[in-house]
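The values are calculated or read from the model by the stated rules, or taken from the named source; none is laboratory data. Predicted model, so just to flag it, every value in this text is computed and none were measured. All Cβ positions, glycine included, derive from the backbone under ideal geometry; neighbour counts span all protein chains shown.
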Amino acid sequence: MLILLLWDIDGTLISTGGASVRALGHALKHVFGIGKLPEGVEYAGSTDRWIIRQIFARCNVPANEENFRKYMEVYIEALPVEMAKPGGRVLPGVNSLLAAAPARGVAHGLLTGNSRRAAEIKLCRLGLWHHFPFGAFGDDSERRDELGPWGLRRAREVHGIEFEPKRVWVIGDTPHDVRCAHAIGANSLAVATGPHSASDLAAHGPTAILPDLIDSEAFWSIIGG
């Protein structure tokens, strides 16, 4: 295995159909009695903890560890219920790419702002969790651009290989994913399947850009697997 792919989840592999935001809203109401999520929160590309920190700041909730813990507990309890509702889906092209990777000698991991438990809930529901033996998660750092070293370390532990940065690709739909790649000297493949257009993503200097993951030949031509 000479190539390592580190995948974002929301907007790249899957769409939750709004399940994450609904679960966050449920937790805010259940724990703090606040009936509506505040406006102006940056969800896409943020870690779970950073999202919650933004919510706390806008709702004047103290950002202490007890409040983080209570909020996350109820969010994780609510997430499977919300994921069971219609709307969640695997994004086009993803299943075929993941299925083809083993024959190409490509290793898969996650690099996501989701907590590990949230990632597992989402990907199990949509049948993708088994593809990813390791990952870097929002539990590892509140700062998204600090997650890359965790992904590389866990890839080494699982595969017994030190992946060279030039053989590592971070795949995601936001500028945060591009910055994660830059932080570890890796390649970045930006896909315009989330809230950012191809031109928006291009401004952040990804190695390559695709409109989506439907064209597998284009994908593997870029990756080199």
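E65 meets the conditions (1) in contact (Cβ under 8 Å) with a residue 24 or more places away in the chain; (2) not assigned by TED's automatic domain parsing to the domain that holds V106 in every case but one. The failed one is (1). Applying the selection to the stretch 96-112, what residues are touching a Leu at 6+ places or on another chain (Cβ under 8 Å) and not β-branched (V, I, T)? Listed by number, the residues that qualify are L97, L98, A101, G105, A107, H108, G109, L110, L111.
Taking L4 as the residue in question, decide whether it is surrounded by 18 or more Cβ atoms within 10 Å (Cβ to Cβ), without any contact (Cβ under 8 Å) to a residue 60 or more places away in the chain and either in contact with a Phe, Trp or Tyr (Cβ under 6 Å, 6 or more places away or on another chain) or closer than 27 Å to L152 by Cβ (or both). No, not satisfied. Inspection of the stretch 72-92 finds no residue satisfying the criterion of being touching a Pro at 6+ places or on another chain (Cβ under 7 Å) and outside the structural domain of D215 (by TED's automatic domain parsing).
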